[in-house]
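The values are calculated or read from the model by the stated rules, or taken from the named source; none is laboratory data. Since the model is a prediction, treat every value here as computed from it, not as a measurement. Note: ideal-geometry Cβ built from the backbone for every residue, glycine included; neighbour counts use all protein chains shown.
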């Protein structure tokens, strides 16, 4: 039975590699057209009306959620997956507290951008400002990125020297600390009551907003997908740079990398900080669209879901992790009857993928080969 | 900062902290044993504990435990609970090893793969206990599983009474039972690892798996043994938890497991006596912190302590190593 599974697996892998090879062999202009067509399709998705494909829409079922809203969530999760992929997939650091950075990003726009936040109220009192004053949305973007990046460095500085598995637990603890602090510091974050009226690109949410309103979610999706595409491009450039190669070297063998002159700690900290910044950015978008956040939205199970997206999709490969993210965000929405069982399904999927296919569904080729090499070196006795 | 309360009732808080820490220490043993031999964080160990609490509840319900039984009956039910929890937890731990970890080990998978598998297993176990079982059999055994993800109460086995009072400090009978039984279980485990033939095998594999194999130690059996031992200790912790707190919930394991792991790291992971020390230390720190600030902050303090200890003493208070526990 196992042999049969392995044989099917080998055939599937050959077919996948065939597709990838053929794609890589195309002349550049054809690839460019392909990418452009795909991007155009992504922008067209919320209007999806192609006959035969409309069943994909989540509002095609009873009580389904707004299709553009689900797409927006998918886009946010893809952004999270891309950021976490830098940490887990490229640098090989297991970060179980990614939700912490997501929360920091979300809370930075909430605390500084919403007129309901205690921080803004305090600023109004201290500096004699009008009661409608709050930090502008556009200024909150760099603020969110800076704050999450800084927190990534602050967390990474002491902990990245630890062994990999200790790091996992410490980051898990970090994610919990952020949530508990947000819940307990009532004077700063409103505690469990949460913060409402978080602004979007057009300011605080109201019925008068022309583009980024409460009803029509398509502009939100287009905004998110634009950010995702920009970040995919940026991370792709990073991957193929000196920094990216150092990450891979550290992931494969830290000692060998150190011998070759790669400063492990420095590059790990870079990976951690960049990952944190991307997490903060996605949290920022999430909070702007939601217009309301409270600490219970940032619990540890969501953090583990993020890791599941990356791992099931195929850590190290951006196409893979994006696929994993869409899968895990979309399936429970379209197939409502499974949404109750989604955690058990995710857990099961994580185990099955790790045991049968540790490189993920759409793996990075380098990573797959690495794992094959390790399997060959396995000791016979155990 | 409520220093008056802390120092005014210092003895009482110390007693509370020690009895809390004893349960952490018992769970921490499971992490430490597995880590000491395999260098693997068995993330699903917290769920092994939760399975144990449900087993205790199941056994007590099956044998018809009423609130506050007499002393003889209470001892009988303690034994029944211990056997049920030990079998359920030990069995679960063994199943995890056979189903998930062994195939990975054969393939020499990197540590991250093990950890992610363990997280997946942990999710599956939580959902089975919290969602699937209540849906399937919740109607038949409502007292056992209740509604989905709900807190399930247990009958009170022993009524809390002050046993000894020294000044302001009252030690209740339940606290004394929890503390003393935890110490006994740990002493037994320590004896087993350090004094018996099987224990020697465990230490040998922890020290050097290849050499141990050459000397005729069956590695596979040792690995199964440590999973079962860790599971049994988690079962004992589950029983003590049930006696002390009288409730269980499918999501109970997450925070408790994190704390127990913290305790294991604090004392030096892979070191049995370190787990005891770390557990008691963490229990004390938490109770003191909860008194100084509020109980809402105790988890934060526990994690901050973990980070600080790892920064300044990454090998824990007593240093790690199961192999060198007693050469």
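Listing for the model above:
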item: Single residue of B:144, B:112 found to be in a helix (DSSP H, G or I) and either within 14 Å of another protein chain (Cβ to nearest Cβ) or closer than 30 Å to residue A:90 by Cβ (or both); result: B:112
item: Unique residue being in contact with a helix residue (DSSP H, G or I) (Cβ under 7 Å, 6 or more places away or on another chain), modelled with pLDDT of 85 or more and within 30 Å of residue B:173 (Cα to Cα) when the list is B:93, B:74, B:85; result: B:85
item: Of residues in region B:310-327 being out of contact with any helix residue (DSSP H, G or I) (no Cβ under 8 Å at 6 or more places or on another chain) and within 11 Å of chain A (Cβ to nearest Cβ), the one modelled with the lowest pLDDT; result: B:315
item: Odd one out for residue B:226, checked against (1) in contact with a helix residue (DSSP H, G or I) (Cβ under 8 Å, 6 or more places away or on another chain); (2) surrounded by fewer than 19 Cβ atoms within 10 Å (Cβ to Cβ); (3) in contact (Cβ under 8 Å) with a residue 12 or more places away in the chain; result: (2)
item: Subset of region B:99-143 (residues that are touching a residue at least 12 places away in the same chain (Cβ under 8 Å) and over 24 Å from residue B:34 (Cβ atoms)); result: B:130, B:131, B:133, B:134, B:135, B:141, B:143
item: Test result for residue B:227, closer than 19 Å to residue B:86 by Cβ and at pLDDT 85 or above; result: yes
item: Condition check for residue A:313: within 30 Å of residue A:147 (Cβ to Cβ) and either buried (at least 24 other Cβ atoms within 10 Å of the Cβ) or touching a helix residue (DSSP H, G or I) at 6+ places or on another chain (Cβ under 7 Å) (or both); result: yes
item: Test: residue in region A:132-155 that is within 15 Å of residue B:303 (Cα to Cα) and in contact (Cβ under 8 Å) with a residue 12 or more places away in the chain; result: yes
item: Residue list for region B:203-219, filter: in contact with a helix residue (DSSP H, G or I) (Cβ under 8 Å, 6 or more places away or on another chain), free of Cβ contacts under 8 Å to residues at least 60 places away in the same chain and assigned to a helix (DSSP H, G or I); result: B:209, B:211, B:212, B:213, B:219
item: Counted residues, region B:283-309 - those being under 20 Å from residue B:272 (Cβ atoms) and either at the interface with another protein chain (Cβ under 9 Å from one of its Cβ atoms) or more than 22 Å from the chain's Cα centre (by Cα) (or both); result: 1
item: Residue A:167 part of a helix (DSSP H, G or I), touching a helix residue (DSSP H, G or I) at 6+ places or on another chain (Cβ under 8 Å) and within 14 Å of chain B (Cβ to nearest Cβ); result: yes
item: Residue in region B:62-75 that is over 20 Å from the mean Cα position of the chain (by Cα) and within 14 Å of chain A (Cβ to nearest Cβ) present; result: no
item: Residues of region A:39-64 classified as within 23 Å of the chain's Cα centre (by Cα) and either in a loop (DSSP other than H, G, I, E, B) or at pLDDT below 80 (or both), total; result: 3
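Results for (1) within 13 Å of chain B (Cβ to nearest Cβ); (2) farther than 30 Å from residue A:193 by Cα; (3) surrounded by fewer than 16 Cβ atoms within 10 Å (Cβ to Cβ), shown as yes or no for each residue.
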position	(1), (2), (3)
A:297	no, no, no
A:307	yes, no, no
A:349	yes, yes, no
A:356	yes, yes, yes
A:366	no, yes, yes
A:371	yes, yes, no
A:377	yes, yes, yes
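Quick grid of which residues meet (1) within 14 Å of chain B (Cβ to nearest Cβ); (2) surrounded by 19 or more Cβ atoms within 10 Å (Cβ to Cβ); (3) in contact with a helix residue (DSSP H, G or I) (Cβ under 7 Å, 6 or more places away or on another chain):
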| position | (1), (2), (3) |
| --- | --- |
| A:111 | no, yes, yes |
| A:118 | no, no, yes |
| A:130 | no, no, no |
| A:146 | no, no, no |
| A:179 | yes, yes, yes |
| A:190 | no, yes, yes |
| A:199 | no, yes, yes |
| A:207 | no, no, no |
